[in-house]
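Notes follow the structure.
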Amino acid sequence: MLDKKKKQQLIEKFKTHANDTGSPEIQIAILTEEIKELTEHLKIHKKDNSSRRGLIRKVSLRRKLLRYLEKDNAESFDVLVKKLKLKIAKRVDKSLEILAEIPEEEAEEIEEEKID
């Protein structure tokens, strides 16, 4: 768990406006620090399954917030990922991949079937 001083420093560093305390950027930064602390704790206490469960929950929440931020504000997402030095795999839209693999003639037939 982060102490108040550390949390305030993160809020000051990642805030988007003067009174910002809960934007996705700040939530992601706080979760990242908590994940780092829990990871270090679990390196020492390997059998602490309740903390491991908490870690998994925090990672899941951060992943959801990152996904939201990527959709909502891609520019802010890129800046945040660079600041936090996160390793993020590039997401590719599956529907575009599938359409790229279909020859043009078949794609036209599929569109005609949808119209009829």
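The values are calculated or read from the model by the stated rules, or taken from the named source; none is laboratory data. Given the structure is predicted, the values throughout are model-derived calculations rather than measurements. Virtual Cβ from ideal backbone geometry, glycine too; neighbours counted across all protein chains shown.
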Specify which of the listed residues (Leu65, Leu84, Leu42, Leu69) is in contact (Cβ under 8 Å) with a residue 12 or more places away in the chain, touching a helix residue (DSSP H, G or I) at 6+ places or on another chain (Cβ under 7 Å), surrounded by 11 or more Cβ atoms within 10 Å (Cβ to Cβ) and more than 21 Å from Ile26 (Cβ to Cβ).
Leu42
For region 1-16 the number of residues that are polar (S, T, N, Q) and either in contact with a strand residue (DSSP E or B) (Cβ under 9 Å, 6 or more places away or on another chain) or not in a helix (DSSP H, G or I) (or both) is 1
When (1) among the polar types (S, T, N, Q); (2) loosely packed, with under 12 Cβ neighbours inside 10 Å; (3) at pLDDT 90 or above; (4) not in a loop (DSSP other than H, G, I, E, B) are applied to Ser76, the one that fails is (2)
Mind listing whichever residues of region 45-57 are touching a Ser or Thr at 6+ places or on another chain (Cβ under 9 Å) and either in a helix (DSSP H, G or I) or surrounded by 14 or more Cβ atoms within 10 Å (Cβ to Cβ) (or both)?
Leu55
Inspect all residues belonging to region 17-36 and state whether any of them is modelled with pLDDT under 90, part of a loop (DSSP other than H, G, I, E, B) and of a type in the set (A, V, I, L, M, F, W, C).
no
